[in-house]
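Inspection log for the structure reproduced underneath, given as structure tokens.
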Amino acid sequence: MAQDDRILLEQWSKRGDGEAFRALASRYSGVVYAACRRILGNRPDAEDVAQECFEALATAGTKPGAYVGAWLHRVATYHAIGHMRSEARRKQRELQYATARPQEANVEWKDVYEYVDQAIDDLPDKLRLPLIAHYLEGQSKESVGQSLGISRQLADYRIQQGLQRVRSSLRRKGIYAGAALLAGLMEANAAEAVPATFAAKLGKIALAGPGTSTPMAAYAARKLSSILRQPL
């Protein structure tokens, strides 16, 4: 999968191959849209921010590197959190979690969405890449191992280690979720079907070509410049 992504990126950036971009968008639009919707909590904002993420990909050339899905998850998380409520309200929610008695059974994705995605983004690549590929992209552990050039057993180990790191990050914010519960929440809120309007917008990006400058592309590039300088 990673090698295929690299080829598609080169076809897009060097030849403006719209079909190559459409292939990447089809492969990862569900992951990006789902991450944005988890964090933002509503479909219209999620669609707008997800579109900006693909505008960023369209102008990034080959910079995302081989693992486009993980790069796009980072972009989506960063950008969606930028649209979230004010920092004061986020801190107030953290305080409420920290002072409340832990009740694992009551943890729901809507309560922890932004923190989970942020915790995933903070993982080292060796843990982040397999975790995203398995839980958010829906790849089997065998497929994850093949795409990363490691054994299935090592892929499984790194996925479990990543899961534990995410749990530890949540606990530091006063959010308590068992490994099985967290894994279930992640699987239930992974990639999803994107709205037809969003799919149509992705098609327009592919038609415009990588060299096309639009107000949306310029905005996305400004907002995500720090991420675009950090290829995977």
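Quick look at the numbers
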read-out	value
Net charge, P64 excluded, C-beta distance under 11 Å - Lys, Arg +1, Asp, Glu -1	+2
Estimated FRET transfer efficiency (K204, K173; beta-carbon r; R0 41 Å; 0.05)	0.55
12 Å beta-carbon shell around E142, net charge (K/R +1, D/E -1)	+1
Simple spin-label estimate for M84 and S143 in nanometres, 7 Å along Cα-Cβ	2.9
Packing-based ranking, highest mean first, of 147-154, 121-128 given that Cβ atoms within 10 Å are counted	121-128, 147-154
Out-of-range pairs (alpha-carbon distance over 24 Å; input K63/K126; K14/K63; K14/K141; K141/K173; K63/K204; K14/K201)	K14/K141; K141/K173
Spin-label model distance (nm) - K126 vs I7, 7 Å beyond Cα toward Cβ	2.9
Cβ-defined net charge surrounding K204, 15 Å radius [Lys, Arg +1; Asp, Glu -1]	-3
Cleavage-rule hits (GluC sites (Glu not before Pro)) in segment 1-83: DSSP loop, at most 13 neighbouring Cβ within 10 angstrom	none
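Just so you know, all these numbers are worked out from the coordinates, no wet-lab data involved. Quick caveat: nothing in here was measured; it's all calculated off a predicted structure. Counting neighbours? That spans all protein chains shown, and the Cβs are built from the backbone with ideal geometry, glycine included.
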